[in-house]
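Here the structure is laid out as structure tokens; the discussion comes afterwards.
The values are calculated or read from the model by the stated rules, or taken from the named source; none is laboratory data. These numbers were taken from a predicted model, which means no experiment stands behind them. Here the Cβ positions follow ideal geometry from the backbone for every residue, glycine too, while neighbour counts run over all protein chains shown. Accessible surface is based on the protein model in full, side chains and every heavy atom, while ligands, DNA and RNA are left aside. Shrake-Rupley method; radii C 1.70, N 1.55, O 1.52, S 1.80 Å.
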Amino acid sequence: MFSHVTIGAQDLAALIAFYDRVLAPLGIRRVMTSEEFGYAAWRREKDGPAFFVTRPHDGHPATPGNGTMTAFTAPDRAAVDAVHEAGLAAGGSDEGAPGLRPHYAPDYYGAYLRDPEGNKLHVVHRGG
């Protein structure tokens, strides 16, 4: 459904380090970095959807969106836990500890974080 999702960065190097650590438990790896154009991209699959972090092209400050969130699927509950732990260790902040969210579905297990610049992310595993 999506080609890619992009968020802005004030400190690109800091967010690259954060997302390298946070996305690793999900099998998502950085596949490109361009200092010249000011971005980095991660993918799980070679031709699958991509997640980009970039300096804004218009030169204005990057800001997190109000109501904006990027969500990643996890292969199991342990990966949700690992992402949340890695995010906190890498300078992120807790927006909802790992756990069941039965108001979404009986088997919905997720966690919420903010990266060091305030962008909200979610990781979820659906299933037992």
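Run the accessible area of the chain with a 1.4 Å probe and give the carbon-and-sulfur part as a rounded percent. The nonpolar share, carbon plus sulfur, comes to 53 percent. In the chain, the calculated helix contribution to ellipticity at 222 nm averages -6000 deg cm²/dmol per residue, counting -39,500 (n - 2.57) for every DSSP H run with n ≥ 4.
A probe of 1.4 angstrom, applied to the heavy atoms of all protein chains, finds His103 with accessible area near 130 square angstrom. Taking a Cβ cut-off of under 14 Å around Ala74, the surrounding Lys, Arg, Asp and Glu residues balance to a net charge of 0, with basic ones at +1 and acidic ones at -1.
Once all protein chains are placed together, Thr54 keeps about 20 Å² accessible to a 1.4 angstrom probe. Counting only DSSP beta bridges whose two residues both lie in segment 1-126, roughly 70 percent are antiparallel.
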